[in-house]
1. Leaving ligands and nucleic acids out of the surface, order Arg76, Arg172, Arg166 by accessible area at 1.4 Å, largest first.
2. At 0.36 nm per residue, and after removing the present C-alpha to C-alpha distance, how many nm does the segment from Asn40 to Ala130 gain when stretched out fully?
3. Simple spin-label model, 7 Å along Cα-to-Cβ: Ala18 to Gln88 in nm?
4. Using a 1.4 Å probe on the protein heavy atoms only, what accessible surface does Arg25 show? Give it in Å² to the nearest 10.
5. Could you please put His82, His165 in sequence from largest to smallest accessible area, using a 1.4 Å probe?
6. Arrange the peptides 49-57, 149-157, 115-123 so that the one whose residues have, on average, the most other Cβ atoms within 10 Å appears first.
7. What is the Cα coordinate range of segment 1-53 on the first, second and third principal axes, sorted by size from largest, in whole angstrom?
8. What is the spread of the Cα atoms of segment 111-160 along each of their three principal axes, largest first, in whole Å?
Amino acid sequence: MDADDGELLTRSAKEPAAFEALVVRQSAGLHGYLARRAPNAADDLLAEVWLQAFAARGGFDADRGTARAWLFGVARNVLAAHWRQVAQDRPGAHQHEPESSDPWHAVVDQRLDAAALAPQLRDTLAGLPAVERDLLLLVAWEQLTPTEAADVVGVPAGTARSRLHRARGRLRTALGSPHPLHLSGEMA
């Protein structure tokens, strides 16, 4: 997939329309990266990533790395500029404390907490009926709607919703918390 992305990015320097396919293919991953670091600004930051990437596309060198890595580098720079601006806009902010604005500490803590739950989560998922597990994973990880997931597993939409509700309830019970993870399809 990325070899094609590199070709698209290179080609887009002469054929700007080729850039559109790259946007379609890479937006979800880039948005996820930005949403985990700056949830309230992710949409605007993604737009800025694409503007900067389009403007700089002629500087992409496939010999130095993949198009995906290059795009994530652009996203990282856009995110750093965002946090600098946030810090600058705060009264009394110091130039060198982006950590106070950038929530990466909290994100790391959340990831470590989630990692501690992984064995129990894995066992609980394995214990679910196959259709419930498939529905849950299609909605939570693949970002399908319950109706789309129902089509994938071949059950009516109403049945899918009730099985999805049941699966989420079993996970919550097994993990001992009312909302241990984002089980609605918005996993961080």
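1. Descending order: Arg76, Arg166, Arg172.
2. Answer, rounded to one decimal: 28.9 nm.
3. 3.5
4. Here the accessible area works out near 90 Å².
5. Final ranking, largest accessible area leading: His165, His82.
6. Result, highest mean first: 49-57, 149-157, 115-123.
7. Taking the Cα atoms of segment 1-53, the three principal extents are 34, 21, 12 Å.
8. Principal extents (largest minus smallest coordinate, Cα): 36, 21, 13 Å.
The values are calculated or read from the model by the stated rules, or taken from the named source; none is laboratory data. Predicted model only: the values in this text are computed from it and were never measured. Neighbour counts are summed over all protein chains in view; Cβ atoms, including those assigned to glycine, are modelled from backbone coordinates with ideal geometry. Side chains included, ligands, DNA and RNA excluded: accessible areas come from the protein's heavy atoms. Shrake-Rupley method; radii C 1.70, N 1.55, O 1.52, S 1.80 Å.
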